[in-house]
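One structure below.
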């Protein structure tokens, strides 16, 4: 029998402890990381742990009733999925129901309130110029002052690279101004702005600058001329005066049903968390003009968390035009409002035109608020308007029963595999069972760590995938053992049989696992929701099968092959040559001497 090639199997035979030490170190490190992070159990999906279910109904906009169709509904589902994923939420299910409903299921353990706010905020995103703004009367807490002005506003400036920044600072004043002066100056500002095609004039100012004692020059409110434009302005002014954003009922109806081409009133919270009301001009930039929004921590300056915006080609031109016009005005008419679902989510101020298709919004952001705004800007423009019909809490009672049944099924399947190994492979089961245990430990620890890392949540199909993986892993052991038995049947002793069997078994195992992993990858790509959980778990456990077979099963087999119990073929070892019907041992024999030809001699 030929000796093993130098540098190939000799190393594998002589140093199997290295592989065992490597995988044991990996197990200890991963387990230590699991306990150090405090995530000692895998996150459970909504079908096992419960969660929040949101039902959204598509509402036709005025003049666009035919927009509720299958194409737009599917587009809305895709955008909502990206919104939820942008929050780091996994295993959330977003799917259509009927012709005009979308169901969003968010598993327990995620920030369901934050996800609900972002998913439920379903109307289109617009950038509108600010015409006037002040704190709502019900939210005002400051005492009257002779001149109640806003806090210092941020600035906007173009960087050498063509990018620009717009700072989102504190919003305007308390609502303690004289009502008559407020109405007078608001009316004048709104009238001037609307006459200028919704672009505020340089000299117009809002009520935030009003004095408690009105001046004579501002005492006359605009008198309607009887035209439709003046009537619309008067109506808008009346809505603004009556609007109290501290009341939820009024916030819910403010600006609803207004077309993008029309001015409107809106509500929004300032950086102090106080509700503020606005008069906004017609939309200058649509949410579809935003290519991407990203939250970034400014490490070079002192801005802290900022939101970077990238606009499309047409969006960059629109944004440059509107910021160029707004930069000519005084506060607050140098601000543009980012309006989502009729609510102002940010109102940055600018002092120069922002060109180049890039912008940065800075101000009093923390990480979460910056990420929320970036997420809204990235995925805010839906093709339809939705109304939140219901929000219900899904109980985990049924899921708990299903999980219990699944675990019982898994335990039964594992027990059957162990019984099969004990009956047919006897002593070899002492190699297979620890290998299954190592694979199970790695799978559990990695799933626990993937919960906070990538938002992985274990749902019921994922449990099924883990159960299926038991058979895949056991199949790899069986392939290896049968190859060893084949070599013993050929008359070889155990140690060379193990080394000769491994290359052929290795190829078979790799091909089998590759097919399983490929199927899991395709299934993960082409499916959504719970089926992805099954595919992910199947793919993960298939990869772990390769790791365990190479770094644990094969080295352990090499070590035990040196023990007399296995090497001598004990009848309970599973490698008894007599029971396997082995041929006589292969021996080197000397060839008989060639007979001498007497004639030639």
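The values are calculated or read from the model by the stated rules, or taken from the named source; none is laboratory data. Just so you know, these numbers come straight off a predicted model, no measurement behind them. Reconstructed Cβ throughout: ideal geometry from the backbone, glycine too, with neighbour counts over all protein chains shown.
Can you find even one residue in the stretch 352-368 that is in a helix (DSSP H, G or I), out of contact with any helix residue (DSSP H, G or I) (no Cβ under 6 Å at 6 or more places or on another chain), modelled with pLDDT of 80 or more and surrounded by fewer than 18 Cβ atoms within 10 Å (Cβ to Cβ)?
yes
Considering only the stretch 455-481, how many residues are more than 16 Å from residue 535 (Cα to Cα) and either under 27 Å from the mean Cα position of the chain (by Cα) or without any contact (Cβ under 8 Å) to a residue 60 or more places away in the chain (or both)?
Summing the residues that are more than 16 Å from residue 535 (Cα to Cα) and either under 27 Å from the mean Cα position of the chain (by Cα) or without any contact (Cβ under 8 Å) to a residue 60 or more places away in the chain (or both) in the stretch 455-481 gives 4.
Hey, does the stretch 405-427 have a residue that's assigned by TED's automatic domain parsing to the domain that holds residue 25, touching a residue at least 24 places away in the same chain (Cβ under 8 Å), at positive phi and part of a helix (DSSP H, G or I)?
There is at least one residue in the stretch 405-427 that is assigned by TED's automatic domain parsing to the domain that holds residue 25, touching a residue at least 24 places away in the same chain (Cβ under 8 Å), at positive phi and part of a helix (DSSP H, G or I).
When you look at residue 509, is it out of contact with any helix residue (DSSP H, G or I) (no Cβ under 8 Å at 6 or more places or on another chain) and part of a helix (DSSP H, G or I), yes or no?
no
Please enumerate the residues belonging to the stretch 103-139 that are under 28 Å from residue 400 (Cβ atoms), buried (at least 24 other Cβ atoms within 10 Å of the Cβ) and at pLDDT 80 or above.
104
Can you name the residue in the stretch 295-312 that is in a strand (DSSP E or B) and surrounded by fewer than 16 Cβ atoms within 10 Å (Cβ to Cβ) and is also nearest to the chain's Cα centre (by Cα) among such residues?
Going through the qualifying residues, I end up with 296.
Tell me which residues, restricted to the stretch 319-340, are under 20 Å from residue 374 (Cβ atoms) and touching a helix residue (DSSP H, G or I) at 6+ places or on another chain (Cβ under 8 Å).
319, 335, 336, 338, 340
Going through the stretch 385-399 one residue at a time, which ones are modelled with pLDDT under 75 and touching a helix residue (DSSP H, G or I) at 6+ places or on another chain (Cβ under 7 Å)?
394, 396, 399
Can you name the residue in the stretch 27-67 that is at pLDDT 85 or above and farther than 30 Å from residue 443 by Cβ and is also surrounded by the fewest Cβ atoms within 10 Å (Cβ to Cβ) among such residues?
57
Farther than 20 Å from residue 323 by Cα, modelled with pLDDT under 80 and over 37 Å from the mean Cα position of the chain (by Cα): which single residue out of 249, 272, 225 fits that description?
None of the others qualify; the one that does is 225.
When you scan the stretch 524-537, do you find a residue that is in contact with a strand residue (DSSP E or B) (Cβ under 9 Å, 6 or more places away or on another chain), surrounded by fewer than 16 Cβ atoms within 10 Å (Cβ to Cβ), modelled with pLDDT under 90 and not in a helix (DSSP H, G or I), even just one?
yes
Here is a check on your reading of the model: is residue 517 touching a residue at least 24 places away in the same chain (Cβ under 8 Å), within 30 Å of residue 94 (Cα to Cα), assigned by TED's automatic domain parsing to the domain that holds residue 561 and not in a helix (DSSP H, G or I)?
Against the criterion (touching a residue at least 24 places away in the same chain (Cβ under 8 Å), within 30 Å of residue 94 (Cα to Cα), assigned by TED's automatic domain parsing to the domain that holds residue 561 and not in a helix (DSSP H, G or I)), residue 517 does not qualify.
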